[in-house]
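Structure first, then comments.
The values are calculated or read from the model by the stated rules, or taken from the named source; none is laboratory data. Quick caveat, the model's predicted, so the values are computed rather than measured. In case anyone asks, the SASA skips ligands and DNA or RNA and just uses the protein heavy atoms, side chains included. Shrake-Rupley method; radii C 1.70, N 1.55, O 1.52, S 1.80 Å.
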Amino acid sequence: VSADAAKAAYQKRTGDRQESQRDMLKKLELDEISHMKIRQRCRDRGIEFLSSPFDGEAADFLYEIGIKAFKVASGEITNLPFLGYLGAMGRPLILSTGMADLAEVTAAVKTLRGAGADDIALLHCVSAYPAEPADCNLAAMKTLEDTFNVPVGWSDHTLGWEITVAAAALGAHVIEKHLTFDADAPGPDHRFSLEPIPFAAMVAAVRAVESALGDGLKVPRDCETDVAVAVRKSLVAVRNIRAGETLAREDIVARRPGCGLSPASLDEWLGRKFNRDVGEGTLLKPDMFTP
C-alpha cells in the first residue's frame, strides 16, 4: 500500500478520516507468529485454515506453512502478475470477483490456468460495505458457472444473512461471510459482519437449504407415503354391485383414502367384470375383477 493511499469512504466512516490506508492496515496486520497460532487453533477445531495473500512474500509464507488453498481478494483480480505467481504454486484457488466485469474475470482465469492452476472457484461479490440487496445480482453466479465451468459461490457484504441463504438456494458452492465478536467495535468491517449467534444461525440455514436442493428428480419421497394414502383418492362403489356385472362410470366415485384403485386408472377398469359381490362404499381393488 502506498504511503499516501486514501481510505475508501466506508473505511473513513468508522475510523480516523485523516489516517492513511496504509496506517490503518498496519494496525490490523497479523504477524507470522499470529498466523501460526491461528493455524493451530483451526487444526484443533477441525477448521480448514485459509488466509489471503496480497503479495508474493505473503504467498510464499502461507505456502511454506502448509496452507491448502489460497483465497484471493477481489482487489487482486486485475493484478495478473500476482495471479500468475499464485497459479504456479499448484494450490486450489478461491477468487473473489467484486468490482470486475466478465472480461476482467476472463483475463484472471486465463492467467491462473495459464500458470498451471486447475482447481479454481469463483465467488461473485459486490464490493460495497455494506452492500444493498438490490445491488447483489445473485444471478451472476450462474453466468460465472456457465462461462468458466468452475464451482461458484458468493462473498457477502450485506447486513444480515438473508442474501447468503438466497445464494445457497441458487446453488452457491462456497459462502464467504465476515465474522466478528462485536458488530459495534471500531474498525471498517465490523458493521457488516455477523456476531457468533447470528453467524451460527446463518450456517444452520445454509445447511438446511443445501440439504433441501436435492438431486432434481421429481419423484415422491419416502416421507410422503403415509400422507399419500391419507389424502389421495380411490375408486369407490356408489351402489351394491353383483358378481358378473361390469363396471360403469355411474357405479363409482373418487373418495379418500388412496389405497384402492386410482381414479387415474378409471378407463382401464371400465367394462371389466366383477368376480364377487361388492357393497356400496367399498374401495375397489384389482382382485375384485376377472382377468
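What does the convex hull of the Cα atoms of the stretch 1-116 come to per residue, in Å³, rounded to a whole number?
With only Cα atoms used, the stretch 1-116 gives 125 Å³ per residue.
In this structure the amide hydrogen of Glu245, modeled in the peptide plane, comes within under 5 Å of the amide hydrogens of Phe274, none closer than 5 places in sequence on its chain.
Given a 1.4 Å probe and the protein chains as shown, Ile197 ends up with an accessible area of around 140 Å².
Using θ = phi - 60° in the Karplus curve 6.51 cos²θ - 1.76 cosθ + 1.60, the 3J(HN,Hα) couplings for the stretch 43-50 round to 4, 5, 9, x, 10, 6, 7, 10 Hz; x is entered for Gly and Pro. Couplings 3J(HN,Hα) of the stretch 125-136, computed from phi: 7, 10, 7, 10, 9, x, 8, 7, x, 5, 8, 6 Hz, in residue order, whole Hz [Karplus 6.51 cos²θ - 1.76 cosθ + 1.60, θ = phi - 60°; x for Gly and Pro].
Would you mind classifying the stretch 129-190 by shape? Square roots of the alpha carbon gyration tensor eigenvalues, ordered a ≥ b ≥ c; an a/c under 1.5 is rounded, otherwise it is prolate if a/b is larger than b/c and oblate if not. The partial results should precede the final answer.
Values: a/c = 2.52, a/b = 2.20, b/c = 1.15.
Prolate, since a/c reaches 1.5 and a/b exceeds b/c.
For Ile252, the residues whose modelled amide H falls within less than 5 Å of its own, excluding neighbours fewer than 5 places apart on the same chain, are Val238.
Under the criterion of Cα pairs below 8 Å and six or more residues apart, the relative contact order for the stretch 177-251 equals 17 percent.
Could you please put Tyr129, Tyr63 in sequence from largest to smallest accessible area, using a 1.4 Å probe? Please report the intermediate quantities before stating the final value.
Values: Tyr129 55, Tyr63 90 Å².
Result of the area sort, largest leading: Tyr63, Tyr129.
Near the amide H of Leu194, within less than 5 Å, lie the amide hydrogens of His178, Leu179, Thr180, all on another chain or at least 5 residues away, with H placed in the peptide plane.
Past 20 Å, Cα to Cα, is the threshold; run Lys7/Lys27; Lys71/Lys177; Lys37/Lys68; Lys110/Lys177 against it and keep the listed order. Violating the 20 Å limit, Cα to Cα: Lys110/Lys177. Short-range pairs are left out: with C-alpha atoms under 8 Å and at least six residues apart, the relative contact order of the stretch 154-291 is 18 percent. Treating each Cα of the stretch 154-291 as an identical point scatterer and summing with the Debye formula, the log10 of I(q)/I(0) at q = 0.20 Å⁻¹ comes to -1.06. Heavy atoms only, probe 1.4 Å: what % of the accessible area of the stretch 131-236 goes to carbon and sulfur, would you let me know? The nonpolar share, carbon plus sulfur, comes to 58 percent.
Spatially, the stretch 179-228 and the stretch 69-123 are offset by 28 Å when compared through their Cα centroids. With θ taken as phi - 60° and the Karplus curve 6.51 cos²θ - 1.76 cosθ + 1.60 applied, the whole-hertz 3J(HN,Hα) list for the stretch 227-240 is 5, 4, 5, 6, 10, 7, 10, 10, 6, 10, 5, 9, 8, 6 Hz, x standing for glycine and proline.
Looking at the chain, the accessible area is 59 square angstrom per residue; that uses a 1.4 Å probe and ignores ligands, DNA and RNA.
Computed from the coordinates I sent, mean projected area of the Cα convex hull in nm² equals one of [x] 15.9; [y] 23.3; [z] 14.4. Tell me the label. Working out mean projected area of the Cα convex hull in nm² from the coordinates points to [y].
Across the stretch 84-199, Cα pairs under 8 Å and at least six residues apart give a relative contact order of 20 percent.
For Lys233, give me every one of the lysines with a C-alpha distance below 28 angstrom, ignoring sequence neighbours fewer than eight places off in its own chain. Straight-distance partners of Lys233: Lys218, Lys273, Lys285.
Calculate how many DSSP beta bridges within the chain are antiparallel, expressed in % of all such bridges and rounded to the nearest 5. Of all bridge pairs located within the chain, approximately 30 percent are antiparallel. Using a 1.4 Å probe, how large is the accessible area of Glu268, given in Å² and rounded to the nearest 10? Surface accessible to solvent at Glu268 totals approximately 120 Å².
Computed log10 I(q)/I(0) for the stretch 57-205 at 0.08, 0.11 Å⁻¹: -0.23, -0.43, from the Debye equation with unit scatterers placed on every C-alpha and solvent omitted.
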